[in-house]
Amino acid sequence: MKAIDWQKTLQEQRDKYRKVIFTVTELSNISSLNTKSLKVSLSRLVNRRIIQRYTKGRYGMAESVMIEDLVSSIDPAAYVTGMYALYRHQLITQVPTEITCFTNHRHNRSRVRGTTLGQIVFVCITDSTYSHPQKNLVASPEQAISDFVYLCRKRGICPSDIVTFRNLHRLNLKLLQKYLKKYPATVKREMEKLFQQSGGGILQL
């Protein structure tokens, strides 16, 4: 396949099927190339910046992939949460250095994945705390802050020691209450403390 044919094929996959991330096997099926020929083509296409290698074994059109696309391709059970989601929702001031994902799958050695979009860390949650969002791969503000506080508590860290919270008044308290029922009581108490420290007043949960 010529470069222009690759571009058309990948655009068609995106427009028709909303697919933007591909494994080597998927690219081989699309192009009808054997593994050896495909590797040669991919090397050429990556050098020309037509295709981008986002992480080991995952390719897509250059600069057209969001972190949600990449995470779901690596682990369909994972969702983006914690500090990265809080920053996306403008609830903290610090820029995250890694992308935290909760999953109910164990990743063993591949728990930390280096990607061109940032370092992804998969945290395996096997209890009732794990709850994959129904409509979005990025946790809502209420779920993200609950997950973040829960993870900090598990690691023996005070959440307010590592981030500065803001805009907590924007949280939907009814939705926050719903999520907090899935977490230990210590998470609820920590959340109440955070609201007082951030100037949000007394939070009745």
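Throughout, read-outs are computed from the coordinates displayed, never taken from laboratory work. In this text the structure is predicted, and so the values were computed from the model without any measurement. Cβ: placed from backbone, ideal geometry, glycine included. Neighbour counts: every protein chain shown.
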(request) Please report, in debye to the nearest 20, how large the charge dipole of the chain is about its Cα centre when each Lys and Arg carries +1 at its beta carbon and each Asp and Glu carries -1 there. (result) 360 debye
(message) Between Lys56 and Ile4, what's the calculated FRET efficiency when r is the beta-carbon distance and R0 is 30 Å? Round to 0.05.
(response) 0.65
(request) May I ask you to list the trypsin sites (Lys or Arg not before Pro) in the stretch 1-33 that are in a DSSP loop and have at most 11 other Cβ atoms within 10 Å of their Cβ? (result) Lys2, Arg18
(message) Between 0 and 90 degrees, rounded to the nearest ten: what's the tilt of helix 185-197 against the longest Cα principal axis of the chain?
(response) 80 degrees
(request) Given the options Pro141, Pro184, Pro159, state which has the largest fluctuation in a GNM of the chain using a 10 Å cut-off (strictly under) for Cα springs. (result) Pro184
(request) Using a Gaussian network model of the chain whose springs link C-alpha atoms within less than 10 Å, name the residue from Thr81, Thr103, Thr116 with the highest mean-square fluctuation. (result) Thr116
(message) If I model a spin label as a point 7 Å beyond the Cα along the Cα-Cβ vector, how far apart are those points for Val112 and Asn34 in nm?
(response) 3.9 nm
(request) List Val20, Val149 from most exposed to least, where exposure is judged by having the fewest other Cβ atoms within 10 Å. (result) Val20, Val149
(request) Please give the helix 141-154 orientation as an angle from the longest Cα principal axis of the chain, in degrees from 0 to 90, rounded to the nearest 10. (result) 80 degrees
(message) Just to confirm my numbers, what's the Cα centroid distance between the stretch 2-69 and the stretch 120-199 in Å?
(response) 36 Å
(request) Sort Cys152, Cys101 so the one with the fewest other Cβ atoms within 10 Å of its own Cβ comes first. (result) Cys152, Cys101
(request) Please name whichever of Val40, Ile21, Gly57 sits farthest to the positive end of the charge dipole of the stretch 5-79, dipole taken about the Cα centre and charges placed at Cβ: Lys and Arg +1, Asp and Glu -1. (result) Val40
(request) Classify the stretch 73-181 as rounded, prolate or oblate, taking a ≥ b ≥ c as the square roots of the eigenvalues of its Cα gyration tensor: rounded when a/c is under 1.5, otherwise prolate if a/b is larger than b/c and oblate if not. (result) prolate
(message) For a quick check, take a GNM of the chain with Cα springs below 10 Å and name the residue from Gly118, Gly57, Gly82 with the largest mean-square fluctuation.
(response) Gly57
